[in-house]
Amino acid sequence: MNDITGKCLCGSVTITVSDPVGWLGACHCRMCQRWSGGLWAGFPADPDTVRITGPVQSYPSSKLADRAFCQTCGTQLWMRDRSDDAPYDLMPGIFDGAQDWPLKSEIYVDQALHAFSLSGVHKRASSAEYREKNPEVNQITDGARQND
Ligand SMILES: [Zn+2]
Ligand SMILES: [Zn+2]
């Protein structure tokens, strides 16, 4: 089995993923920009392939999803829809093994900070295109709305 293990900045949270997908997706929505500080990228992993140890805290960033971080050092760990079988969207930067993974998709490209126009051949979707395919995100009405 192909496992990768990552850790937060202070080392108190450890995450191991079995057979990771080996690619990343980036999101430029306003929530991801605020949370990441600029550029957000993650990769999906089924819950039964993820093992987590350490002090994790979750923030309910919208009606749909939580964003998790290390209680001690604040490192971003994942974003995940609030249901038991929802996949994790894990932060690649905490895993040494993710360094050479390609970017597969990029969403909310029309909202990207201009400094982060990502080159290469990958799927791109504007906020309107993404919302049309994922109408559930239109329910998000919290203080950090994706379309503000
Ligand atoms: Zn930490
Ligand atoms: Zn986003």
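Below, the figures for the structure above:
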{"quantity": "Hits in the stretch 28-64 - residues which are in a strand (DSSP E or B) and touching a residue at least 12 places away in the same chain (Cβ under 8 Å)", "calculated": "TRP40, ALA41, GLY42, PHE43, PRO44, ALA45, VAL50, ARG51, ILE52, THR53, VAL56, GLN57"}
{"quantity": "Test set (1) without any contact (Cβ under 8 Å) to a residue 12 or more places away in the chain; (2) touching a Phe, Trp or Tyr at 6+ places or on another chain (Cβ under 8 Å) - ARG80 fails condition number", "calculated": "(1)"}
{"quantity": "Candidates GLY11, GLY37, GLY22 - the one that is among the small types (Gly, Ala, Ser) and farther than 30 Å from SER127 by Cβ", "calculated": "GLY11"}
{"quantity": "Filter result for LEU103 (loosely packed, with under 15 Cβ neighbours inside 10 Å and under 16 Å from HIS28 (Cβ atoms))", "calculated": "no"}
{"quantity": "Filter pass, GLN76 being polar (S, T, N, Q), modelled with pLDDT of 95 or more, touching a strand residue (DSSP E or B) at 6+ places or on another chain (Cβ under 7 Å) and surrounded by 16 or more Cβ atoms within 10 Å (Cβ to Cβ)", "calculated": "yes"}
{"quantity": "Out of GLY11, GLY25, GLY6, sole residue that is at pLDDT 95 or above and in a loop (DSSP other than H, G, I, E, B)", "calculated": "GLY11"}
{"quantity": "Filtered residue count, the stretch 55-79, keeping only those that are under 13 Å from the mean Cα position of the chain (by Cα) and within 16 Å of ligand 2 (Cβ to nearest atom)", "calculated": "10"}
{"quantity": "Residues within the stretch 1-52 that are in contact with a Ser or Thr (Cβ under 8 Å, 6 or more places away or on another chain) and of a type in the set (Lys, Arg), tallied", "calculated": "2"}
{"quantity": "Residue that is crowded, with 17+ Cβ neighbours inside 10 Å, at pLDDT below 95 and over 13 Å from the mean Cα position of the chain (by Cα), where the choices are ARG131, ARG82, ARG145", "calculated": "ARG131"}
{"quantity": "Any hit, the stretch 31-54, residues being surrounded by 20 or more Cβ atoms within 10 Å (Cβ to Cβ) and away from ligand 2 (no atom under 15 Å from the Cβ)", "calculated": "yes"}
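The values are calculated or read from the model by the stated rules, or taken from the named source; none is laboratory data. Keep in mind that what you see is a predicted model, and the values were worked out from it rather than measured. When we count neighbours, we look across all protein chains shown, and the Cβ atoms used for this are built from the backbone with ideal geometry, even at glycine.
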